[in-house]
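Novice: Below you will find the structure I want to go over with you.
The values are calculated or read from the model by the stated rules, or taken from the named source; none is laboratory data. Keep in mind that this is a model prediction, so the values were computed, not measured. Counting neighbours? That spans all protein chains shown, and the Cβs are built from the backbone with ideal geometry, glycine included.
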């Protein structure tokens, strides 16, 4: 099975070639959401689009728990690969598998049993309550598939293989698009048809990548065949995974709370927000995946004890992300209206105008979220996931606090929600850069020295 060693070669092309399949994979992932939204918005109604948008925010929160677990485990896998410690890697695989399976089972059960309470908590308007509930019940059954895909994808990416996850995601995306058109546009199953299409595609990608990895990777087969969990390995995986999980969950809980506030403004604002979020998530998604690739790069080089290469990677990462974000912000500013009209009927002028206002408020500040993704990846890879949690709390805490403070004011209204987003990014970035500048000389060398040890993250100094 092909692996990529990120500890050798020129820094910029090495990071870019590794990140590119991950970026393409997330673009395909966004296609899931874009197609769902487009098909529902065009062939059902804007109210249905609002229901799908609300459900998407909730699912993002729930699956962020699994994503955080897998991302944290991936850091440990990368460290082990960098140090060429096969025994530690196999022990980590077993521990991660157990932890991910347990959390997945609990999350699926709680979501299905609590769906009615969730709908009430999200302030879903009465006219789309039943539609939202039906959509959620279906997509909740896809949680185990999401866990499967992310576990195996995290393992493969940690070893430098970002191509195979892309292939399986591409297959499932094509299937999702075909099923969306069939079940919604042709057979008129509504939002439930879009949900069913997504779940089927998720199981194709999850089971497919799992079978491929088991068949092609002897290390993984050995690890799962000798399923004995060592306490030290479980603690190591847990220490990385849980804090990363908390970081991802806090981030998406804040987004979900904002979604609940948006819902209180009615289905028109919900639809505008759903369209705007799809567009800007698609726009800044490449830097999100670049941040994940950056984290793997840092972790492998930490394992290989190359702090100087880590520092070069940091400089290269910042320059790349800032350049991209400036370019995409300019593009989005001029194309905001045509992009919103992809999801909204042109006759719904008020909804379209609100979607454009959202993009014109948030879009110019994509450098903020781009740098924040880099900071998340850096501190996660350096064994300081607690810093990522702090930055997330600052970003999302600011967003939630300002949204709930400003939105009720008649002279500000929903615009207060939109402006809270870039303000939160800016404050988190400032905090992260100050921490990096203060502890840079100690962070990098210490990271390299600690790589060959048990991998336990230390408390921040």
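This table checks each residue for (1) surrounded by 23 or more Cβ atoms within 10 Å (Cβ to Cβ); (2) modelled with pLDDT of 85 or more.
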| residue | (1), (2) |
| --- | --- |
| 278 | yes, no |
| 290 | yes, yes |
| 305 | no, no |
| 323 | no, yes |
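Novice: Select, from 175, 179, 207, 169, the only residue that is touching a helix residue (DSSP H, G or I) at 6+ places or on another chain (Cβ under 7 Å), in contact (Cβ under 8 Å) with a residue 12 or more places away in the chain and crowded, with 24+ Cβ neighbours inside 10 Å.
Specialist: Exactly one residue qualifies, and that residue is 169.
Novice: Just checking, how many residues over the stretch 386-416 are under 15 Å from residue 269 (Cβ atoms) and buried (at least 16 other Cβ atoms within 10 Å of the Cβ)?
Specialist: Result for the stretch 386-416: 6.
Novice: Given the structure, is residue 120 in a helix (DSSP H, G or I) and modelled with pLDDT of 90 or more?
Specialist: Answer is no for this residue.
Novice: Hey, among 377, 368, 416, 355, which residue is in contact with a helix residue (DSSP H, G or I) (Cβ under 6 Å, 6 or more places away or on another chain), without any contact (Cβ under 8 Å) to a residue 24 or more places away in the chain and in a helix (DSSP H, G or I)?
Specialist: When all the criteria are applied, what remains is 416.
Novice: Take the residues of the stretch 123-146 that are outside any helix (DSSP H, G or I) and at pLDDT below 90: which is surrounded by the fewest Cβ atoms within 10 Å (Cβ to Cβ)?
Specialist: By that ranking, first place goes to 123.
Novice: When residue 319 is evaluated against the numbered criteria (1) more than 21 Å from the chain's Cα centre (by Cα); (2) touching a residue at least 24 places away in the same chain (Cβ under 8 Å); (3) surrounded by fewer than 24 Cβ atoms within 10 Å (Cβ to Cβ), which criterion, by number, is the only one it fails?
Specialist: All conditions pass for residue 319, except number (2).
Novice: Further question: Would you check if there is a residue in the stretch 71-84 being surrounded by fewer than 17 Cβ atoms within 10 Å (Cβ to Cβ) and either touching a strand residue (DSSP E or B) at 6+ places or on another chain (Cβ under 8 Å) or part of a helix (DSSP H, G or I) (or both)?
Specialist: No, the stretch 71-84 contains no residue that is surrounded by fewer than 17 Cβ atoms within 10 Å (Cβ to Cβ) and either touching a strand residue (DSSP E or B) at 6+ places or on another chain (Cβ under 8 Å) or part of a helix (DSSP H, G or I) (or both).
Novice: Here's another thing I want to ask about it. Please specify each residue of the stretch 332-350 satisfying the condition of being more than 23 Å from the chain's Cα centre (by Cα) and either more than 18 Å from residue 269 (Cα to Cα) or assigned to a helix (DSSP H, G or I) (or both).
Specialist: Matches in the stretch 332-350: 333, 334, 335, 336, 337, 338, 349, 350.
Novice: Could I ask something else about it? Among the residues of the stretch 428-437, is there at least one that is assigned to a helix (DSSP H, G or I), in contact with a helix residue (DSSP H, G or I) (Cβ under 8 Å, 6 or more places away or on another chain), modelled with pLDDT under 90 and surrounded by fewer than 19 Cβ atoms within 10 Å (Cβ to Cβ)?
Specialist: Within the stretch 428-437 (the criterion being assigned to a helix (DSSP H, G or I), in contact with a helix residue (DSSP H, G or I) (Cβ under 8 Å, 6 or more places away or on another chain), modelled with pLDDT under 90 and surrounded by fewer than 19 Cβ atoms within 10 Å (Cβ to Cβ)), the answer is yes, since at least one residue qualifies.
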